[in-house]
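One structure below.
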Amino acid sequence: MARLLAEPLSGRYAPQVIVENRPGASSRLGAEALKVAAADGTAILICPMPVLALCPHVLPRTTRYHPVTDFTAAATVGELAYGLIVRRDHPATDLSSFIDWARAKGDVTFAPPVAGAPQHMLGLALMREAGLNVTVVTYRASTLALPDLIAGRLDCYMSHMAELAPQVRGGQARLLAVSSEARLPGFSDTATFAQQGFPGITASEAFAVMLPASTPPNIAAALNAAIAEAVAEPAMRERLAQLQMTPLVLSPAETAARLAREFTAWGPAVRASGFTPEE
């Protein structure tokens, strides 16, 4: 996403926009770097909003930033839905038949891409609402989980649609439900969790664009305007669609409000899950 934006922002927002990857610590290292950067608009963070809103709840001892007070919101770019998949030859064809199958089996193995991720919390909430006995299987990477799912060693897997779409379209997995408010283009045969009786499993992963705290409002507004222009371009919207992303450009105030809502909402969700961080 950052590389997609860098080119159209170069010349619109700044003479040149350079992407610097800051992986590590569930993406928190990038957020920590922005927290201490100069508040002059020369340092920008783009990341999934749960990095900011969820990590303080699932990793409270090692998260060194507050999502609301340590950053200035500039924009969102787009959002991704989550999906639940099973192996391609699984007897379940939708969420209801999967729940019936799992109840008959007595236990279900479930994996998220990362322990403590939104998919983990949503998956646990689904299993809890459905009354299923669940064993969570954690992997170091999704590339390890998917082969186990396809081979039948794992019952179900939940991730964002950018990762799941190739598996479903390629015939390696079957999509049972999506977390969006409406059915997704390209997957119109798959009902949402809400349409299948689980309205609480409605969520999406927005990509947030943030600046350091105390950044002047005119800088955030300029960055927002440049992003809005970039996302309006047909080529950018086509590329977002290929990544299973719905274009979504929110104003700085709207982005800040969404971040605050998500931060507030994830606290009770994490407590209800019983999740204990491994760190």
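The values are calculated or read from the model by the stated rules, or taken from the named source; none is laboratory data. What you see is a predicted model; the values in this text were computed from it and never measured. Every residue, glycine among them, receives a Cβ derived from its backbone with ideal geometry; neighbour counts consider all protein chains shown. To get the accessible areas, we keep the full protein, side chains included, count just its heavy atoms, and leave off ligands, DNA and RNA. Shrake-Rupley method; radii C 1.70, N 1.55, O 1.52, S 1.80 Å.
Of all the numbered requirements in (1) assigned to a loop (DSSP other than H, G, I, E, B); (2) free of Cβ contacts under 8 Å to residues at least 24 places away in the same chain; (3) not β-branched (Val, Ile, Thr), residue 3 misses one, and that requirement is (1). When 254, 262 are checked against the criterion of being crowded, with 16+ Cβ neighbours inside 10 Å, assigned to a helix (DSSP H, G or I) and of a type in the set (Asp, Glu), 262 stands alone in meeting it. For segment 89-99, which residues satisfy the criterion of being open to solvent by 20 Å² or more (accessible area, probe 1.4 Å) and not hydroxyl-bearing (Ser, Thr, Tyr)? Correct list: 89, 91, 94.
In segment 76-88 there is no residue matching the filter, namely being buried (at least 22 other Cβ atoms within 10 Å of the Cβ) and part of a helix (DSSP H, G or I).
Is it the case, given these coordinates, that residue 135 is touching an Asp or Glu at 6+ places or on another chain (Cβ under 9 Å), among the β-branched types (Val, Ile, Thr) and in contact (Cβ under 8 Å) with a residue 24 or more places away in the chain? Yes, satisfied. If I filter segment 54-69 for residues that are assigned to a strand (DSSP E or B) and open to solvent by less than 30 Å² (accessible area, probe 1.4 Å), do I get at least one hit? Taking every residue of segment 54-69 in turn, none turns out to be assigned to a strand (DSSP E or B) and open to solvent by less than 30 Å² (accessible area, probe 1.4 Å). Need pairs with beta-carbon distance below 8 Å; first residue of a type in the set (Lys, Arg) and within segment 50-72, second open to solvent by less than 10 Å² (accessible area, probe 1.4 Å); sequence gap 6+ or separate chains. That search, which allows pairs on different chains as well, returns 64/28. Restricting attention to segment 13-53, the residues that are more than 23 Å from residue 267 (Cα to Cα), crowded, with 17+ Cβ neighbours inside 10 Å and among the β-branched types (Val, Ile, Thr) total 2. Being polar (S, T, N, Q) and within 16 Å of the chain's Cα centre (by Cα) is true of residue 27. Entry remark, segment 114-147: residues being closer than 30 Å to residue 239 by Cα and either open to solvent by 20 Å² or more (accessible area, probe 1.4 Å) or in a helix (DSSP H, G or I) (or both) number 17 in total. Only one of the numbered conditions (1) open to solvent by 30 Å² or more (accessible area, probe 1.4 Å); (2) in contact with a Lys or Arg (Cβ under 7 Å, 6 or more places away or on another chain); (3) under 25 Å from residue 53 (Cα atoms) is violated by residue 192, and that is (1). When the criteria are applied in full, residue 259 fails the requirement of being modelled with pLDDT under 95 and among the aliphatic types (A, V, I, L, M). Evaluation of residue 171 against the conditions (1) under 30 Å from residue 252 (Cα atoms); (2) of a type in the set (Gly, Ala, Ser); (3) more than 18 Å from the chain's Cα centre (by Cα) shows that the sole unmet condition is (1).
Scanning segment 169-205 for residues that are over 25 Å from residue 1 (Cα atoms), of a type outside the set (A, V, I, L, M, F, W, C) and part of a helix (DSSP H, G or I) yields 195, 196.
Being outside any loop (DSSP other than H, G, I, E, B), modelled with pLDDT of 95 or more, crowded, with 17+ Cβ neighbours inside 10 Å and more than 22 Å from the chain's Cα centre (by Cα) holds for only one residue in 102, 73, and it is 102.
Condition check for residue 177 on (1) out of contact with any helix residue (DSSP H, G or I) (no Cβ under 8 Å at 6 or more places or on another chain); (2) open to solvent by less than 20 Å² (accessible area, probe 1.4 Å): one failure, at (1).
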